[in-house]
1. On a straight-distance basis, which lysines could pair with residue A:162 in a cross-link, Cα separation under 30 angstrom, same-chain partners fewer than 8 positions away excluded?
2. In 10 Å bins starting at 0, how do the alpha-carbon pair distances of the stretch B:71-120 split up by percent?
3. Please give me the summed charge of the neighbours of residue B:283: other residues whose Cβ is under 15 Å from its Cβ, Lys and Arg +1, Asp and Glu -1.
4. Using a/c under 1.5 as the rounded threshold, could you call the stretch A:16-188 rounded, prolate or oblate? The axes a ≥ b ≥ c are square roots of the C-alpha gyration tensor eigenvalues, and prolate needs a/b larger than b/c, oblate otherwise.
5. What lysines does residue B:314 reach when the alpha-carbon gap must be under 23 Å and sequence neighbours fewer than 8 apart in one chain are set aside?
6. When the expected Rg is taken as 2.2 N^0.38 Å, what fraction or multiple of it is the alpha-carbon Rg of the stretch A:233-365?
7. Under a GNM of chain A (C-alpha, springs under 10 Å), which listed residue has the highest mean-square fluctuation: A:410, A:434, A:48?
8. Fewest Cβ neighbours within 10 Å first, please rank A:140, A:196, B:208 accordingly.
2 protein chains.
Amino acid sequence: MVSEPNTPGGSPARPVASVRYELLTLGDELLLGLTANGHLTFIGAQLGRRGALLRRNVTITDEADAIAAQFRESWARSDVVITTGGLGPTCDDRTREVIAGMIGQRLVFDPAVERAMQERFARFGRKMTENNLKQAYVFERGEVLANANGTAPGLWAEQDGKVLVMLPGPPNELQPMFLEQVVPRLAARGLLEAREAYVQLRTAGIGESALETRLQPFFTPHGTALSVAFCAHQGAVDCRISSPGGELSHARLEEIAAECALSLGEDFVCYGHDSLARVCADLLRQQEKRLAVAEAATGGMLANAFSEVSGACKFFAGGVVCSSNDAMSLLLDVPESLLQQHGAVSEEAAVALATGAAETLGADYTLAVSGFAGASETGAGSSPVGTIFIGLHSPAGVWAKKLSYPGPRGTVKVRAVNAALDWLRRELVRAARGGVTTQRRSNVMR
Amino acid sequence: MVSEPNTPGGSPARPVASVRYELLTLGDELLLGLTANGHLTFIGAQLGRRGALLRRNVTITDEADAIAAQFRESWARSDVVITTGGLGPTCDDRTREVIAGMIGQRLVFDPAVERAMQERFARFGRKMTENNLKQAYVFERGEVLANANGTAPGLWAEQDGKVLVMLPGPPNELQPMFLEQVVPRLAARGLLEAREAYVQLRTAGIGESALETRLQPFFTPHGTALSVAFCAHQGAVDCRISSPGGELSHARLEEIAAECALSLGEDFVCYGHDSLARVCADLLRQQEKRLAVAEAATGGMLANAFSEVSGACKFFAGGVVCSSNDAMSLLLDVPESLLQQHGAVSEEAAVALATGAAETLGADYTLAVSGFAGASETGAGSSPVGTIFIGLHSPAGVWAKKLSYPGPRGTVKVRAVNAALDWLRRELVRAARGGVTTQRRSNVMR
């Protein structure tokens, strides 16, 4: 496979989807549940974007015997094996030595790697200890993947018609290395598509089966030339269309996706992978509007969703987290009488919070979330756990709506955040179209 | 092994640490990076607490052939195999059938499971569709693990001296099932310790190697009877002590841990697994004090840490997220002149935020976090990315300190939240002791 590269400008010698990828994640901390296996999530998603399906992920201990036994099996059955972890300077980092032995490679000292490490230590004003030199040993017949954010370089080797990629464990070292050095190398050898293999439509406010029913008419004419996959998240459903056999060009896929998007109207969020907060942020910046939030049930998660967007201070004034009725009155001038009459978990309170945040922070749009996300919070005779009220203030008015989610506290919070973001997104889309009045979706409070 | 159970009241027939556990997580959504593999984190941690190390986790596709091939290998080399996912009602949920075939079990219809499903559907006012009945087929020679939060029950079988546990995929179904039904069954057969196998000391504010040096004198006298393991999180280090050979009783381990805790002083956080926010919450409730927070750099994460604690409204007044200087002035009366003179990322601003939050929300203690967590936020000539200022207001005064963290935005935010929580915890511990004046750890601003 490696010995039969892509014919330049032509189609791959072999369909990318048939390439057998396997990921070995090494480390006791993963098996002891001390660290989440984010490498699986990251690498699986990146391969998927370029048309490849990770066939298997195996997590094993750092022990040399376990690594050797597992690597032997994985190498025999795969076209590409990717390992993570075990490349560091300490004595329990022996992955490099064990695997070099298994594939019959000598490890040789690379002065360029030593120089890069020396420079890195000097930049941070630290002295490099002797054990770091271990990381300068690389495959005799292979390539070095430079590490811009750490000391241990990654390693790349091609032999027996297979590819071996060894990556360091820290995510901030692994991720840019994978995107900038591994993906282009794999694509150049026809083991990944040269570009994203599918066109993804992200939707919100519509269930998976309803989405499938609505989009089917756009897919049916293309028969087996078109492959369609749906994936539901909490509050969003993605639809990916691709043409694994290559019958439909990427431009044609984009046209089909555009027809779907048009038909979906406001339920269409974006092409690709942007978060709801990111999509809202772009709309707010385009319209030069400012946002603020007031949260009770979501405890800071809604504000945090916006603070994850780069340059948030340009459009996001700030937020208020009200764990107590006092905070609602003190920070946002919500009348105590209103809270006494209707309760803090009510449409009235959600409207008052949204209005208070808009007035206090001088924002054009505000979102408010009140409710009972977890079991300890309900009072006698009040709404059941999972009851959420969302308030939205816009230049066109202020509204609230009631929602209800099953599940544990964490799930209810995420669903409430996504529902609030999606409501804001729809209002911003309508405002961008202009002239369209805000659609009443619940009781109008004022 | 299963055929040689624990002698009642005696020591296990076989050390728990030598039992070979393997976890098979099934699902394309894991391999495509659409869902994080939380089952590994959860089950790995739970086994670890009871003295067992998960040997391997394998994630594979839902495909019948892949499941069959992987299960055969895993079953042959393990004492206990746990599977997750693939037990649902749809046609691609075939794990039950495939694995039953591999271990030579017949699947038989269980009317009690059907009844439980019917009751569940009735409770939610929905009609049960025919395909759900598939979930009522269970091992002829085995046990059913009831599912309190979903339709598909778990399955338990013992044969060939091995244990097979099959669990449904949704975490809110799997986790209580594992804790309430699987752990007790495994412990009764001597495959897990009957209680937590170690005593854990959680510490903060001290590095892993410094902690080891400080505690070594307490461990050395016990020689090989005592096993010690350290685990560093972001801002906290756990130390677990155990006696794998059983030479030291659990009571003796607790005595040794108590000696360590006493010697660590304020660097000791708690025994066990409580979060820093939870420890602070307990101290605040004991002292009947109220807390508020003001965040810029952490965007809502600090407030959210407290809102995750059950009953937070009892001690947590609320929080303010200031993405802009305006918000600091509008919500917390931070003087604009102060922000202009010193900047929003300064000790002065952190002190003003902490003071403003205390005064506005009537809180006894407040934490404030200002800083540059991500790359887009630095202005020309200002502090570098990773610079964080934490402000603390207590009944004894108000202080700020400067910290600096490397790494991406997410890491900086988590470290800043943990540093703020740990500072609050120390102040509350000192206040509980009484009479001890607040130790000056940075510039006193007022």
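Every read-out reported here was derived from the displayed coordinates using simple, explicitly stated rules and does not represent laboratory data. As the structure is a computational prediction, the values presented were derived from the model and not from experiment. No Cβ is skipped: glycine too gets one built from the backbone with ideal geometry, and neighbour counts run over all protein chains shown.
1. Partners found: A:134.
2. Going out from 0 Å in 10 Å bins, the stretch B:71-120 shows 20, 45, 28, 8 percent.
3. Local charge sum for residue B:283: +3.
4. Taking the square roots of the gyration eigenvalues as a ≥ b ≥ c, the stretch A:16-188 is rounded.
5. By straight Cα distance, residue B:314 reaches A:413, B:289.
6. 1.40
7. Highest fluctuation among the options: A:434.
8. Numbers: A:140 11, A:196 17, B:208 14.
Final ranking by Cβ density, sparse to dense: A:140, B:208, A:196.
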